[in-house]
Structure formats: C-alpha cells, structure tokens
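Below is one structure, written out as structure tokens; the observations come after it.
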Amino acid sequence: MNSQPRRPPAKWDRKADIVVIGSGATGLPAAIVAREAGCSVILVEAEKDIGGHAIISGGNIPLGGGTSVQQKYGIEDSPDLLFRDLTDWSVVGPNGFPDYRYNDREIVRAFADNSAATFEWLLAHGVVFVDKAPDALGGNSVGNSVPREMHAAVMHWPMPHTGEPAEPAVQRTRSSGNGLMRSLEIAARKAGVEILLEHRMTQIYRQDPHPGPVLGIAVDHKGEELSFRAHKAVIVGTGGSTGNVGFRRMFDPRLTEEYCGLAGMPWSDQDASGELAAMVIGASLWGFYNQIGEFGSNVTKPGSIGCQYNYRHLQWMPGSPVFDRARATGLRVADWQDVILVNMLGRRFYDETGGQYIANNYNSLDPYVQGSWRNAANLKWNPNNFLNAALAGIDDGHNGGGPIWAIFDSDAVTRENWTPAPPSVDIAGGFFFSANRLADLAEKIVIRYQRVAMPPQNLEETVARYNYFVESGIDQDFGKPKPLYKIAKPPFYAAWATPVVHDTRVGLRINAKCQVIDMKGEVIPGLYCGGESAGGFSQHGLARATCQGYIAGNAAAGVTVPSKIRGEAR
Ligand SMILES: Cc1cc2nc3c(=O)[nH]c(=O)nc-3n(C[C@H](O)[C@H](O)[C@H](O)COP(=O)(O)OP(=O)(O)OC[C@H]3O[C@@H](n4cnc5c(N)ncnc54)[C@H](O)[C@@H]3O)c2cc1C
C-alpha cells in the first residue's frame with residue numbers, strides 16, 4: 001500500500017464503468033445493482049474465494065423499516081421508527097455506554113429509507129430466508145422498538161468453516177451467511193459482473209491535481225501490478241480495519257499485536273487497505289466513538305481456547321479450505337468454571353465467567369419509550385469489565401494486556417470432553433502447552449506475544465490460592481460465583497484464551513449516497529464506500545453492509561434511491 005498518491009498510468013490494463021473492491025456483504029450487492037443498471041462492472045477480490053466475513057457470518061440480518069416479512073407477521077415498522085431507534089440518544093447499556101448517540105444522522109437516515117428495499121432486493125436475487133417471524137436472535141445495535149432480525153438460510157453449498165454442506169434437514173432453517181453470499185455470487189455472475197479473485201487493490205488513482213475525480217485502481221495479482229480504469233466510479237467494500245494493528249491502535253492503544261485472532265480470519269482479513277488507499281487521495285475518517293464505545297463485538301471474549309482464531313461463533317474444522325491457515329479447531333468452552341484465566345505473569349485478573357460487552361436490541365430495555373430520559377434512569381448499573389481487565393496489562397509500561405492463558409487440569413478435560421491434541425489445539429504455533437507440573441507448564445509458555453516469561457512460582461501460587469477458594473466456596477479476589485473445581489490432577493494445560501478483535505465501526509466518511517467525503521467536507525467524485533470500511537454508523541455488520549452496497553451501487557450507476565436526506569457535498 002502506497003502512502004503517497006501516485007500518478008495514474010498512461011495506459012490501463014482493463015476498463016469498466018464501475019470497479020468494486022471486495023466481494024463481501026457490501027461489494028456483491030453494489031456490483032449486481034450497478035450491472036443491472038446497465039454499467040459494466042469489474043469486482044476485484046483479494047482472496048481465493050468470494051464472500052469476505054459475510055460468507056462465514058451467522059447470516060442474522062436486521063433489515064427493517066417495514067419489510068414484507070414484518071408485514072406478514074403483523075409487525076408495524078417504518079423508516080421513521082427505524083431512524084429514530086438508531087439515533088436514540090437515550091439508550092445506554094448497563095455499563096453506561098450509548099449505542100446510537102454518535103451515529104451520523106444522514107447515514108442512518110439513508111439506511112432507514114432503504115432498509116426494506118434492500119431486503120426485498122435480496123429476496124429477488126435468490127437469497128432464501130428462514131421462514132419465520134423476525135426476532136431478536138443475533139441482534140446487535142438494531143433498535144429497540146420492534147423485532148427486525150431475519151436469518152439467511154445456510155442452503156446446500158459447502159460451508160467455508162467445514163468444507164461440507166449443512167445437513168439437508170437444516171439447510172432452510174439454520175441461519176448462515178453461506179446461503180446469502182453464494183446466492184449473491186450466482187446473481188452477480190448471471191448479471192455479468194466480472195469477478196476477479198486473487199486481485200488485491202493496492203492503490204486508488206485520482207486525477208491529478210486534486211480535486212479531480214477518481215479514475216481507477218491498481219491491483220496486485222500474484223505479484224503482478226495491473227491497473228483498472230473505472231469510467232464512472234470505484235466502490236470500496238473492503239470490510240474494515242480491525243486486522244491492521246497500527247490502524248486499530250489509533251482508536252484503542254491497548255489493541256497491540258497479540259490480538260491476532262481476528263474473527264473471520266483466515267478466510268479474509270480486515271487490513272484497512274480500503275481506508276488507507278482512500279485517505280491517500282484525501283478521504284476523511286468518521287465516527288471514532290463507535291469504535292471505542294464499549295458495546296457490541298468490536299472486541300470479544302473468545303469462545304474457544306488453544307488456537308489462534310477463537311471467535312465464539314466460528315470454529316474452523318479440518319475440512320475447511322483454509323484449515324491449513326487456521327491450524328486448529330480450538331477447544332470450545334462450555335463452562336468457564338472449568339478453567340482459570342491468567343495473564344502473562346500467571347495471575348488471575350477477573351471472574352472467568354464474566355461476559356463481554358453487550359449491545360442494544362429489541363427488548364433490551366423494558367419499558368422502552370423512544371427518546372425518553374427514563375430509558376437510562378430505569379437501567380440497573382452493571383459494569384461489564386472482563387475485557388477491560390484482560391486488556392489492562394501487567395503494569396510494565398507497555399500497552400496491551402498480553403496473552404491470556406486458560407489453565408486447567410485433566411479433570412477439566414474429562415468434564416468438557418476435550419481432546420487436548422492436534423487438530424483440536426495448535427501446539428506447533430505456540431497456542432497450547434501441557435506439563436505434569438505447574439512450574440514446568442509456566443516455563444514452557446513461549447510465543448512471541450509473551451513478552452515476559454511467566455514466573456513458575458506465580459502460577460503455582462495462583463492455582464494454590466484458587467484451589468483454596470474452591471474449598472471455601474468464595475473467590476476472595478474476583479467474586480467468581482462459587483468456584484467449583486480444583487486444578488489438581490496432572491497433566492496441566494495452558495491454552496491461548498486472548499480476547500478477539502472483530503467489528504470495525506469506524507471508517508471512511510460517507511454521505512447518504514455512500515459517496516466518500518474529504519477532509520473539507522466535499523465529495524470525492526467517483527468514490528463510494530459501504531459496510532465496515534465506512535464510518536458513522538454503529539451496528540454489527542450485514543444489514544448496514546448490504547444496504548450501503550445497494551445504495552452505493554445505485555448511486556454510482558446514477559440511479560436515485562429514496563432518502564429524506566440527499567447526499568450532496570457539504
Ligand atoms: C464469524 C462472523 C459472524 C458474523 N455474524 C454476523 C451476523 O450474524 N449478523 C451480522 O449482521 N453480521 C455478522 N458478522 C459481521 C458481518 O459479516 C460483516 O459486518 C460484514 O460481512 C461486513 O461486510 P463488508 O462488505 O464490509 O466486509 P466483508 O463481508 O468482510 O467483505 C470484504 C471483502 O473485501 C475483500 N478485500 C479486503 N481488502 C481488499 C483489497 N485490498 N482488494 C480486494 N479485496 C479486498 C476481503 O477479502 C473481503 O472478501 C459476522 C462476522 C463474522 C466474522
């Protein structure tokens with residue numbers, strides 16, 4: 001990625017009306033919409049397969065505002081209700097953080113006005129949804145007034161995380177991004193979108209001198225640099241920035257390199273390439289609070305231990321086409337009573353059963369009155385600080401909490417029915433260790449993220465103290481609800497249990513048409529963005545990405561979509 005603008009090439013390798021970057025939840029809808037509006041479209045995708053994080057997602061999609069399914073089930077929703085929900089200043093979580101207060105009104109208005117249309121468009125383009133009323137399952141910052149969560153069916157295609165199709169009995173009843181993205185891939189190919197895999201955008205070209213329009217992009221294709229001219233527009237759908245350590249630390253200095261288990265990797269990264277390329281030609285970032293606010297899943301507690309990629313809603317299986325990079329399935333933790341969690345120094349830091357941040361959703365507040373001061377006043381204060389304690393560090397002057405290790409014994413292995421061997425755990429990568437003595441276990445822990453050796457006596461003392469808490473029934477240090485199991489029977493184990501980075505909620509500044517805006521508040525002509533690479537909108541993933549893809553594709557092709565706010569230069 002170049003940090004300085006480069007002159008556009010004298011000769012282009014390929015030309016199209018519109019070039020879309022990324023084949024995820026933003027890119028595929030944008031490409032299809034633009035192609036069906038009559039534009040020639042090239043879509044470049046860095047990876048070997050389409051789909052981005054969307055294809056491995058849970059497929060829970062909160063598109064509302066009056067969809068046909070909401071109407072079918074008698075749920076009264078409207079663009080206005082949706083807009084007011086997603087900009088409601090009065091909604092706060094039990095830890096006091098507001099979900100919606102810092103949302104950009106223009107961007108949310110455009111979403112509210114096009115949310116139902118996007119859902120109907122998905123249906124018309126072959127996406128099958130689980131046949132049931134919208135609910136609140138998997139919801140994450142989707143508004144409190146009515147249920148809006150719908151679920152894309154997994155369907156019959158092999159699932160990226162297993163390499164196998166889902167059982168026939170559940171193909172239309174299980175929610176997954178697999179069915180969403182394979183359906184859209186088929187629609188895109190049928191429409192005539194040219195999809196180029198293993199083509200990584202490295203540069204966006206803008207006419208020199210500024211403020212000229214965007215002209216096209218440079219891509220890296222297996223080491224060869226190519227240039228693609230976009231006569232009308234370039235659409236950025238690159239999926240966010242949380243995989244880029246330098247970039248994410250602009251918002252949270254604690255998120256140092258040990259947070260290496262990005263949810264969604266190794267299928268695709270969120271390397272900030274779209275943001276950086278747009279910033280080089282003048283784009284502004286937007287909505288920083290949404291990245292650091294303590295709600296949702298920007299940072300999460302792991303669901304598995306003993307492997308690098310340990311997001312709670314995704315487990316890589318040996319049949320997956322990317323298992324060579326995932327390397328282990330991890331051990332799913334059914335009960336956090338079965339382990340203690342220690343930092344680099346072998347010290348506990350919090351109640352292991354503690355949770356991650358939560359997000360507002362339908363029924364999170366009861367009673368709920370839109371915009372009422374009572375919403376916050378009625379709430380029971382309940383800070384949720386597991387993650388903050390894990391990220392606090394060891395008082396050595398460094399940022400970052402360092403690796404977190406789950407320590408357990410062979411009785412825990414039996415209780416959890418774990419197999420503490422490859423491919424369940426990643427021993428070769430340094431994410432799992434075992435020993436017959438706790439002191440030996442501490443000495444064995446070597447991985448580049450463990451920047452200080454774990455003192456063996458610390459681990460022995462920590463386990464001895466915890467075992468005493470089990471005997472007495474009271475965790476005097478962290479108030480774990482009645483510690484249940486001693487760690488006493490060898491062999492002993494240390495499994496990687498470091499928090500996971502996930503959503504990006506900060507990104508390029510866009511307007512209601514998804515046009516990218518520069519630092520002076522002016523439109524960068526010919527540049528559009530949506531999804532996790534766009535800022536200003538605090539919501540977990542698929543709905544805002546698909547909707548902004550729909551808006552961007554239309555706007556780039558010159559088709560007007562409804563919005564009470566027109567996205568023009570300001
Ligand atoms: C395990 C998991 C479960 C999830 N479950 C849900 C859920 O149930 N509901 C929900 O709403 N959200 C969910 N999400 C989040 C949701 O998947 C994302 O928010 C959404 O996919 C974002 O869409 P996007 O288009 O911005 O990025 P993506 O869908 O990730 O697509 C970005 C694409 O751009 C490509 N790319 C990146 N850089 C370049 C480049 N330089 N050149 C070319 N291509 C590039 C990437 O390879 C990728 O294919 C989940 C995410 C994960 C990881």
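The values are calculated or read from the model by the stated rules, or taken from the named source; none is laboratory data. These numbers come from a predicted model, not from an experiment. A quick note on method: Cβ atoms are made from the backbone with ideal geometry, for glycine too, and the neighbour counts reach across all protein chains shown. Accessible surface is based on the protein model in full, side chains and every heavy atom, while ligands, DNA and RNA are left aside. Shrake-Rupley method; radii C 1.70, N 1.55, O 1.52, S 1.80 Å.
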Using modelled amide H (1.01 Å from N, peptide plane; none on Pro or chain starts), what sits under 5 Å from the amide H of G216, excluding residues fewer than 5 places away? Y205, A230
Mind checking which lysines have their Cα closer than 25 Å to the Cα of K480? Skip sequence neighbours fewer than 8 apart in that chain. K301, K380, K489
Heavy-atom accessible area per residue - the chain, 1.4 Å, Å²: 37
Just need the relative contact order of region 1-61 here, percent rounded to a whole number, with Cα pairs under 8 Å and 6+ apart. 35
Strictly greater than 36 Å: what percent of every Cα pair in the chain meets that? 35
What are the residues whose amide H is under 5 Å from the amide H of H151, where those residues sit 5 or more places off or on another chain and H is modelled from the backbone? I61, V130
Just the number, please: carbon plus sulfur as a percent of the accessible area of the chain, 1.4 Å probe, no ligands or DNA/RNA counted. 52
Output for region 320-411: trypsin sites (Lys or Arg not before Pro) sitting in coil per DSSP, at most 11 other Cβ within 10 Å, listed by number, reads K380
How much accessible surface does V339 have with a 1.4 Å probe, in Å² rounded to 10? 0
Distance (nanometres) between label positions extended 7 Å along Cα→Cβ at K72 and A334: 3.6
Expected vector for region 135-151, Karplus 3J(HN,Hα) from phi with 6.51, -1.76, 1.60 and θ = phi - 60°, integer Hz, x for Gly and Pro, equals 9, 10, 6, x, x, 7, 6, 10, x, 9, 6, 9, x, 9, 6, 10, 9
Linear extension gain, N385 paired with D366, 0.36 nm per residue minus alpha-carbon span: 4.5 nm
Convert each backbone phi in region 305-319 into a coupling constant with the Karplus relation 6.51 cos²θ - 1.76 cosθ + 1.60 (shift: θ = phi - 60°), then list the ³J(HN,Hα) values in order as whole Hz, x for Gly and Pro. 10, x, 8, 6, 9, 10, 4, 5, 9, 8, 10, 7, 10, x, x
At a 10 angstrom cut-off on C-beta neighbours, averaged per residue, how do the peptides 510-521, 384-395 rank from highest to lowest? 510-521, 384-395
Apply the Karplus curve 6.51 cos²θ - 1.76 cosθ + 1.60, θ = phi - 60°, to the phi angles in region 380-389 and return the couplings in whole Hz, x for Gly and Pro. 8, 4, 8, x, 10, 10, 3, 5, 4, 5
On a 1.4 Å probe surface of the protein chains, which of L123, L508, L226 comes out largest in accessible area, and what is the full order? L123, L226, L508
Computed over region 442-570, the relative contact order (Cα-Cα under 8 Å, seq sep at least six) in percent reads 18
Counting sequence-distant residues (5 or more places) and residues on other chains, those with an amide H built under 5 Å from that of L43 are V20, E194, I195, L196
Give the accessible area for W336 in Å² (nearest 10); use a 1.4 Å probe, count only protein heavy atoms, and leave out ligands, DNA and RNA. 40
How high is the relative contact order of the chain, in percent, counting Cα pairs under 8 Å that sit 6 or more residues apart? 22
Mean-position separation - Cα centroids, region 196-239 and region 399-470, in angstrom: 46
Which value in nm describes the separation of the simple spin-label points at K444 and K15, placed 7 Å from the Cα toward the beta carbon? 6.3
Report, in degrees rounded to the nearest 10, the 0 to 90 angle that the Cα long axis of helix 105-124 makes with the longest principal axis of the chain. 90
The ratio Rg/Rh over the Cα atoms of region 282-420, Rh being the Kirkwood inverse mean 1/r radius, stands at 1.04
What 222 nm value per residue comes from the helices of the chain, counting each DSSP H run with n ≥ 4 as -39,500 (n - 2.57) and dividing by all residues, nearest 500 deg cm²/dmol? -6500 deg cm²/dmol
Which loop trypsin sites (Lys or Arg not before Pro) in region 401-508, with loop taken from DSSP, have no more than 14 other Cβ atoms within 10 angstrom of their Cβ? R437, R448
In straight Cα distance, which aspartates and glutamates are under 17 Å from K482, not counting same-chain residues fewer than 8 positions off? D335, D338, D351, E352, E471
For region 134-186 and region 320-348, what is the centre-to-centre distance using only Cα atoms, to the nearest Å? 26
Could you check what % of the DSSP bridge pairs in the chain are antiparallel, to the nearest 5? 65
